[in-house]
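Just below is one structure, and these are the notes that go with it.
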Amino acid sequence: MVSKKILSVMILFVMVVPVGITTNFLNISGNDVPLTMEQKSRQAVGDVPPDNVTIVVDVMRLRTMTVNCDDPGLYFKIFINGENSVWMDQVYNGKDIWFEWPTAAATIPYDVNKTVIIQIEVWEEERGQDIQCDLSKEKGPYEGGKTITIFYDLKRGEWTGDDYLKDGNGYGHCSGFEDGNEDENDCEIWFDIYQWGDSGWWGNEDRLTYWEKVHVYGLNGSKNYGNVDFNGDGIPIEWEDKYGFDPFAESNASEQDPDNDGLTNYEEYETSKWFSDPFAQDIFVEVDGMQAKHPWEKPYTLPKESQNMICNPFARHNITLHIDDGNL
């Protein structure tokens, strides 16, 4: 009778213990690896890496430089890992176009060791055959010399390639003038690249990647820190992180002027909605106009075509001229 009791206890032990053990393991690539205390605590609050992320290419402004048509029809081709990922096949008319919504996106598995290849093209509609506009610093009359090619790091949310941080022309800013040839339907473009997690855009307004939050800043990877100023310098974490400043540093980066354009970092942040860059020179000019004498007359303002022409000589030297005619 005693031996039967011992046997039943042993059987119960064999059946129960493995269940308790497996709850302390995380399956990674098919291998059972013990969870660290940090991983256990993050699981407890629901802070786990996303299964997928959506890579967003957000084109904010497109300005023609040597496109001859008075009212060109322009459209995008944006490839993310080889797939054309433009949300809407739309033609935009004008020589200086500002956009309200992201242009392209693609959802991919979340793997911090992967690099995403992004290519941005702008085309002008023409009867018979459309013409590709030049956006790139690369030389050549064909697609390779006109397309922007970007290598986006899923881990840090940074990119290199035809555009990179501190390249002298602005992070997320490319110009067809950079190759020295101004006769290739040249345009300049301002854009941003970031990623959304499983929760969508509203869960990542701070632009930080999950890996950055957890491994660089020691934050909750699933929490949104948009507009949070951790070091009290008046600049939120998303701007400082994007441009390589430490958002937790005690030193006051807001008073620095690394590009020597007369704008402090705080002023660069304040004017960032017009794409100011702390490592590329910006000039802001206010132009006053006059109201017309009679209601049927147009007001006396600097024509947009003239503004476009004035900006080009500055663009040749990687300087962005911002003309405030009352619409900035």
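The values are calculated or read from the model by the stated rules, or taken from the named source; none is laboratory data. On a predicted model such as this, the values are computed, not experimentally measured, just so you know. All Cβ positions, even for glycine, are placed from backbone atoms using ideal geometry, and neighbour counts span all protein chains on display.
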> Does GLU238 qualify as being within 28 Å of LEU62 (Cβ to Cβ), surrounded by fewer than 17 Cβ atoms within 10 Å (Cβ to Cβ) and of a type in the set (D, E, K, R)?
Replying inline: no
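How many residues, within segment 92-105, are under 25 Å from PRO303 (Cβ atoms) and either aliphatic (A, V, I, L, M) or assigned to a loop (DSSP other than H, G, I, E, B) (or both)?
Selection size over segment 92-105: 5.
Determine if segment 263-273 includes at least one residue that is closer than 20 Å to ASP192 by Cα and exposed (fewer than 14 other Cβ atoms within 10 Å of the Cβ).
yes
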> Which of the residues that make up segment 248-267 are at pLDDT 95 or above and part of a loop (DSSP other than H, G, I, E, B)?
Replying inline: ASP257, PRO258, ASP259, ASN260, ASP261, GLY262, LEU263, THR264
>> Conditions first: (1) closer than 18 Å to TYR152 by Cβ; (2) in contact (Cβ under 8 Å) with a residue 40 or more places away in the chain. ASN220 passes all but one, so which condition is the exception?
In response: (1)
> Taking segment 161-181 as the region of interest, how many residues are within 24 Å of ASP261 (Cα to Cα) and of a type in the set (S, T, N, Q)?
Replying inline: 2
>> Among the residues of segment 119-139, are any within 25 Å of GLY170 (Cα to Cα) and of a type in the set (Val, Ile, Thr)?
In response: yes
>> Going residue by residue through segment 276-286, is there one that turns out to be on the phi < 0 side of the Ramachandran plot, of a type outside the set (Asp, Glu), crowded, with 18+ Cβ neighbours inside 10 Å and in a strand (DSSP E or B)?
In response: yes
>> Given the condition among the acidic types (Asp, Glu) and in contact (Cβ under 8 Å) with a residue 60 or more places away in the chain, answer yes or no: does some residue in segment 85-107 qualify?
In response: yes
>> Name the single residue that is surrounded by the fewest Cβ atoms within 10 Å (Cβ to Cβ) among those in segment 287-328 being closer than 20 Å to ASN260 by Cβ and touching an Asp or Glu at 6+ places or on another chain (Cβ under 9 Å).
In response: ARG316
> In segment 62-91, how many are hydrophobic (A, V, I, L, M, F, W, C), more than 22 Å from ASN308 (Cβ to Cβ) and not in a loop (DSSP other than H, G, I, E, B)?
Replying inline: 4
> Is at least one residue of segment 267-276 in contact (Cβ under 8 Å) with a residue 24 or more places away in the chain, basic (Lys, Arg) and either in contact with a helix residue (DSSP H, G or I) (Cβ under 7 Å, 6 or more places away or on another chain) or not assigned by TED's automatic domain parsing to the domain that holds ASP58 (or both)?
Replying inline: no
> Within the bounds of segment 284-302, is there any residue that is of a type in the set (Gly, Ala, Ser) and closer than 24 Å to GLU100 by Cβ?
Replying inline: no
